[in-house]
Amino acid sequence: MNTSTRLGLLLALPLALTAGLSPSATTSRFAPEEGLSLTKTFESKTSAELEEMFLEMGDEEIEPDELPEILIRSSETIVFEDTYDAVADGRATTLTRSFTELGRSRSETFPGEDGSPTENEYDETSDLADTVVVFSWDEDDEAYTAEFHEDSDGDEDLLEGLYGDADVLGFLPEDEVEEGDTWEVDVEHYRKFFSPSGDLTFLNEEGETTRDEIDEEIEESLDGEIECELESVEDGLATIAVTIEVEGEGDTEEDLEGDGEMIDSAVQTRTVSVESEYEGTMVWNLRAGHLVSFELVGESEVSIAEGITLEISNGETFEQMQTMVFTSETEIEVTFE
């Protein structure tokens, strides 16, 4: 996978409150009516451009006379309908999910061989589109099991990375709160928010996944702070402000064979680090007991360092490292209706 493809993935690389016991207090509760169906739409758009680039050769650092113009735009749309067949103990115990629209697109603009802008476009889809999956809560394992609906066919392997909770419940306070109160959210719920319904197995035009080991490392290493604040409760709706600051890093290393003459061996490395900040607002329907909307806007800095270390036949070592730093802006909009 080339660097721009990996970057696109990294950038691409994205609650229940109910009436409380007193007029000023609110407590958390997920309580949609059994049989209720909601269409859940998750849309994100990201625009990233190269801000810095330099090359290290041994102890020498070299910066280009002119920074090349590299621009990457990506978007993702995930739409499915959830029917709450059974609800108990603050969760859907049986949930039927109908996937209707699953797609990603990316465009990359960079200088061609003659210096003029060259643009490539890519699309990704999922074989889960137009399928229906039933999630059932297993009390013993405290997790959902997934299976295709009896009237829906699909590859069973597609079910392995799915999870039932797509209601952003992890952003809710554990106790009752009043306007102005704040609470912390575990980073694990950030991961789920940016992967609604889990791993949807997006594939490119060649039928290949564009995720790799370094993407998974970054996701697993994510750490930071997420804070929510109850801003207001009005007309049966709770408005919650959300701030997010997270960072993660992943790296790979590959041993290469030498040429048998001048180079004995070589080691190729890649390190990618991501720092992101988001601010947004989520709105919860207190009477119906489910999310109405969640909007986030934010900025990220992605640093990609690719290097090689050569063991020369004369016993010397040669090292080279190229680093590119991208900045991006992301908009995320989620609606339940």
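For the stretch 57-211, what class follows from the C-alpha gyration tensor (a ≥ b ≥ c being the square roots of its eigenvalues): rounded when a/c is under 1.5, otherwise prolate if a/b is larger than b/c, else oblate? Note, shape of the stretch 57-211 comes out oblate. Among residues other than GLU139 with Cβ under 12 Å from its Cβ, the summed charge is -4 (Lys and Arg +1, Asp and Glu -1). Size check on the stretch 173-256: the Cα extents along the three principal axes, sorted descending, read 60, 27, 16 Å. Using the 1.4 Å probe convention, the accessible area of the stretch 199-327 works out to 53 Å² per residue with neighbouring protein chains retained.
From the alpha carbon centroid of the stretch 150-204 to that of the stretch 294-316 is 30 Å.
Taking a ≥ b ≥ c as the square roots of the eigenvalues of the Cα gyration tensor, the stretch 53-124 is oblate, since a/c reaches 1.5 or more and a/b is not larger than b/c. Using a 1.4 Å probe over the heavy atoms of the protein chains, calculate the carbon and sulfur portion of the accessible area of the stretch 94-157 as a whole percent. Carbon with sulfur: 38 percent of the solvent-accessible area. Between ILE312 and LEU203, residue separation times 0.36 nm minus the direct Cα-Cα distance comes to 35.2 nm. For the stretch 185-337, place one equal point scatterer on every Cα, skip the solvent, and apply the Debye formula. What is log10 of I(q)/I(0) at q = 0.21 Å⁻¹? Here the Debye-derived log intensity ratios amount to -1.33. Here the Karplus curve 6.51 cos²θ - 1.76 cosθ + 1.60, taken at θ = phi - 60°, turns the phi angles of the stretch 173-187 into couplings of x, 7, 10, 5, 9, 10, 4, x, 6, 10, 8, 9, 10, 5, 4 Hz, with x standing for Gly and Pro.
Considering only ILE214, VAL246, SER313, and ranking their Cα positions along the charge dipole of the stretch 203-337 that arises from unit charges at the beta-carbon of Lys, Arg, Asp and Glu, the one farthest toward the positive end is VAL246.
Each Cα pair of the stretch 237-307 feeds into the Kirkwood radius, which the Stokes-Einstein equation turns, at 20 °C and 1.002 mPa s, into a diffusion coefficient of 133 µm²/s. In the context of the full set of protein chains, residues of the stretch 64-135 present 50 Å² of accessible surface per residue (probe radius 1.4 Å, heavy atoms only).
Carbon and sulfur: what percent of the stretch 272-337's accessible surface (1.4 Å probe)? The C+S portion of the solvent-accessible surface of the stretch 272-337 is 41 percent. When LYS45, LYS40, LYS192 are compared by accessible surface with a 1.4 Å probe, the order from highest to lowest is LYS45, LYS192, LYS40.
Principal axis extents of the Cα atoms in the stretch 124-245, from largest to smallest and rounded to whole angstrom, are 49, 35, 31. Here the Karplus relation 6.51 cos²θ - 1.76 cosθ + 1.60, evaluated at θ = phi - 60°, turns the backbone of the stretch 151-166 into coupling constants of 9, 10, 10, x, 6, 4, 4, 5, 7, 4, x, 8, 9, x, 6, 10 Hz, with x for every Gly and Pro. In the assembled protein chains, GLU261 presents an accessible area of approximately 140 Å² (probe radius 1.4 Å). Calculate, for ARG287 and ASP212, the FRET efficiency according to 1/(1 + (r/R0)^6) with r their C-beta to C-beta distance and R0 45 Å; round to the nearest 0.05. With R0 = 45 Å, the Cβ-Cβ based efficiency is 0.50. Each of SER232, GLN322, GLY198 was scored by the projection of its Cα onto the charge dipole of the chain, and the greatest displacement toward the positive side belongs to SER232; charges sit on the C-beta of Lys, Arg, Asp and Glu.
Spin-label model, SER116 to SER75: label points 7 Å out along the Cα-to-beta-carbon direction sit 2.7 nm apart.
Evaluated on the chain, the Kirkwood hydrodynamic radius is 22.2 Å, with distances taken between all distinct Cα atoms.
Put a plus charge on the Cβ of each Lys and Arg, a minus charge on the Cβ of each Asp and Glu, and nothing anywhere else: the dipole of the chain about its Cα centre is then about 1640 debye. Compactness of the stretch 270-337 is given as radius of gyration and Dmax, 22.2, 76 Å, from Cα positions. 3J(HN,Hα) along the stretch 295-312: 10, 9, 10, x, 10, 9, 10, 10, 10, 10, 10, 10, x, 9, 10, 10, 9, 7 Hz, from the Karplus curve 6.51 cos²θ - 1.76 cosθ + 1.60 with θ = phi - 60°, whole Hz, x for Gly and Pro. The 1.4 Å probe gives accessible areas that order ARG191, ARG91, ARG97, largest first, as ARG91, ARG191, ARG97.
The values are calculated or read from the model by the stated rules, or taken from the named source; none is laboratory data. All values reported here derive from a predicted model rather than from experimental measurement. No Cβ is skipped: glycine too gets one built from the backbone with ideal geometry, and neighbour counts run over all protein chains shown. Areas reflect the complete protein model, heavy atoms only, side chains present, ligands, DNA and RNA absent. Shrake-Rupley method; radii C 1.70, N 1.55, O 1.52, S 1.80 Å.
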